[in-house]
1. Might you check whether a residue that is more than 9 Å from chain A (Cβ to nearest Cβ) and part of a loop (DSSP other than H, G, I, E, B) occurs anywhere in the range B:59-66?
2. Please specify each residue of the range A:196-228 satisfying the condition of being assigned to a loop (DSSP other than H, G, I, E, B) and among the aromatic types (Phe, Trp, Tyr).
3. So, of the residues in the range B:67-85 that are assigned to a loop (DSSP other than H, G, I, E, B) and buried (at least 20 other Cβ atoms within 10 Å of the Cβ), which turns out to be nearest to the ligand (Cβ to nearest atom)?
4. May I ask you to say which residue of A:98, A:143, A:177, A:150 is assigned to a loop (DSSP other than H, G, I, E, B) and either hydroxyl-bearing (Ser, Thr, Tyr) or surrounded by fewer than 18 Cβ atoms within 10 Å (Cβ to Cβ) (or both)?
5. Name the pairs whose Cβ atoms lie under 6 Å apart, with the first residue in the range B:1-29 and within 14 Å of chain A (Cβ to nearest Cβ), the second among the aromatic types (Phe, Trp, Tyr), and 6 or more positions between them or separate chains?
6. If you go through the range B:87-112, how many residues are touching a residue at least 60 places away in the same chain (Cβ under 8 Å) and buried (at least 20 other Cβ atoms within 10 Å of the Cβ)?
7. Quick check on the range B:89-106. Is at least one of its residues more than 9 Å from chain A (Cβ to nearest Cβ), within 14 Å of the chain's Cα centre (by Cα) and at pLDDT 95 or above?
8. Being modelled with pLDDT under 95 and surrounded by 24 or more Cβ atoms within 10 Å (Cβ to Cβ) narrows it down to one of A:315, A:347, A:377, so name that one.
Amino acid sequence: MSQFRPVREVMVVGVGLHAFGRFPEENLSDLARDAVVDALRDSGVPWSAIPVAYFGHVYYHGMSIGETTLAQLGLTGVPIINVENACSSGSTAFWQAYWGITSGVFDMALAFGAEKVPSGPVTVTAENSPARYIGGDHMMAGYALRMKRYMEETGAPASALAQVSVKARQAASMNPYAHRKETYSVEDVLNSRLIADPLTLYQCCPTSEGGAAAVLCAADALDTYGIDRSRAIRVAAAALTSGNYNGRGSDHSAFSPYRTEPAALQAYEMAGIGPEDVDIAQVHDAATIGELQQIEALHLTPFGEAWRATEEGRTALGGDIPVNTDGGLLAMGHPFGASGIRMVHETVTQLRGEAGPRQVENARVGVAQCSGAGDVTTVHILTR
Amino acid sequence: MVISVDERCLRLTDESGERGALLGMRCLQCGVHVFGPATFCQSCTSPDLEEVELSADGTLYSYTIVRVPPSGWPGPVPYVLGETELPEGPHVLAEVIDCAHEDLRVGMPVTLALQTVGMDGIEGSERAVYKWRPV
Ligand SMILES: [Zn+2]
């Protein structure tokens, strides 16, 4: 039972990126602006025609940073909304852009995201939180707990998890925007430094900086704005959920991956398709275990079997369900505000047939799934 | 008198901070328990909740040995972080103490243990913190 009633069909008509990596010379606004300019150029739509913008970012860089960023493009007076939703901040901005258009309020919208991040382990709680005494507020330790349990329950060997990271680097080696492009072996991954057993360094995404942007437009307004219909990609579903007790998350596990499932089911229902129709997927692989569990929560494989699909090469480029075709968080890196829109960027690029050496033959349906603290999950389905 | 690390989650029952109980809320409508405070039931959203002391004994649902600690961590490095499943249902994350790494097992029984911890060089920062210890 869906509580959402999309009214108008919405298309992504432009996508843009600022490369992911470390950019000490550039501030948050620089990263964001470059991505926005890139997306506007891709769409052919001038900034003056954009009626609303949503900016995803997590770390604080001053009030109304979205407004000061876009002021560089011209003070057009449009509403600009700053969005913080943890690792899903960018995809939440995209979700809002979609709903702003499908509801009939706007003809177009800009969703963009960027991040400048400190290095070191990522914590979720505030500096003076009791969590600091307890030692559980540690993003990668959380993934390590899931990984240990997953390996115990499914019998997945460490090598299968390492393969997720090897695959990510193989894809990233063909992506000029990626933070980490050098390839490595399963042995390299397993022999890298332990962060939180059994998770090794090369199984954790780097904390990276970067920017991403997307221009969305109502399908019925494409001609009004002179947009090239042949490169427009349809948003078939946009789902955003928070913790759902009665989802499969009701195992009470603090790091249950199955909280993705309700968002996935909602998205499949909205799109009128099932997991069997999905050609490519971008999922939240902040750690190797994340990719496996998100694949399962999206029902792309049965629960407990994504590690086998990975070992068999089914999730690699050339496999039957290619996952994280641009290198994912593991190789692109993870600027929180940008990652969700980066997934949309890759999906659109693939569905347009413009992914160059990474191109998946005949990709028509792509899923982009992003997770964040607070059990935030977004699932977007894009179709050609 | 030692202060609880979080009075909504851990009630101390002696002045030394060595004894206490984890606190939770039980739903009078559907019976679901949550660890820590809640205003309405997480499962059925009923407002009819009562505060309860949760069981001190549970089983280790998962664990990890944290080699790179989060900023502000006042304990030893590495440390063992355990996710313990209580008989009432909730999972509670805390350090596992007094256990050699090679003896850690998923499913092993653990019990609540309190330790007083202070933040390095910060006066008055001592708190009684809940931990897990093998039975
Ligand atoms: Zn209830």
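1. No, the range B:59-66 has no match at all.
2. Restricting attention to the range A:196-228, the residues satisfying the condition of being assigned to a loop (DSSP other than H, G, I, E, B) are A:197-198, A:205-208, A:222-228.
Hit for the range A:196-228 is A:225, nothing else.
3. The residue in question is B:70.
4. Exactly one residue qualifies, and that residue is A:177.
5. Partner pairs satisfying both residue conditions: B:5/A:133; B:10/B:130; B:24/B:35.
6. 3
7. There is at least one residue in the range B:89-106 that is more than 9 Å from chain A (Cβ to nearest Cβ), within 14 Å of the chain's Cα centre (by Cα) and at pLDDT 95 or above.
8. Details: A:315 fails: modelled with pLDDT under 95; A:347 fails: modelled with pLDDT under 95.
Answer to the check: A:377.
The values are calculated or read from the model by the stated rules, or taken from the named source; none is laboratory data. Remember, it's a predicted structure, so these values are computed and weren't measured experimentally. As a convention, Cβ positions derive from the backbone with ideal geometry for all residues, glycine included, and neighbour counts pool all protein chains shown.
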